[in-house]
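The values are calculated or read from the model by the stated rules, or taken from the named source; none is laboratory data. Source: prediction; values computed, not measured. Here Cβ is always computed from backbone atoms with ideal geometry, including for glycine, and neighbour counts include all displayed protein chains.
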């Protein structure tokens, strides 16, 4: 059975790039284009991993990550934040919200795949 990954990102280009990369490695992919929809999808779909953007309309990725990590239904799902925000404080803040890792965009395919494999396989 393939592992299911939820991509939460408001950029159609990023969702397509990440989806194609992961589908090519045999992962099942579902997507959401904002944090609120991502929370709903996470509860309904129970993915094995979530890739979370930070800067999105409505709830930020930081807030959505915090909500997921505090919800008993979703707290066991690892979240990897993928953001253009490259300051060390952003990484620290994401990890404090419950993220398991933090990757800076543009995400390098090998780095992303290694991160995903380390958390779901």
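Here is how the numbers come out for the structure above:
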read-out	value
Residue within the stretch 15-26 that is surrounded by fewer than 23 Cβ atoms within 10 Å (Cβ to Cβ) and at pLDDT below 95 present	no
Pair list, Cβ under 7 Å, 6 or more apart: the stretch 100-115 residue part of a loop (DSSP other than H, G, I, E, B), other residue surrounded by fewer than 16 Cβ atoms within 10 Å (Cβ to Cβ)	105/84
Odd one out for residue 60 among (1) under 19 Å from residue 95 (Cβ atoms); (2) modelled with pLDDT of 95 or more	(2)
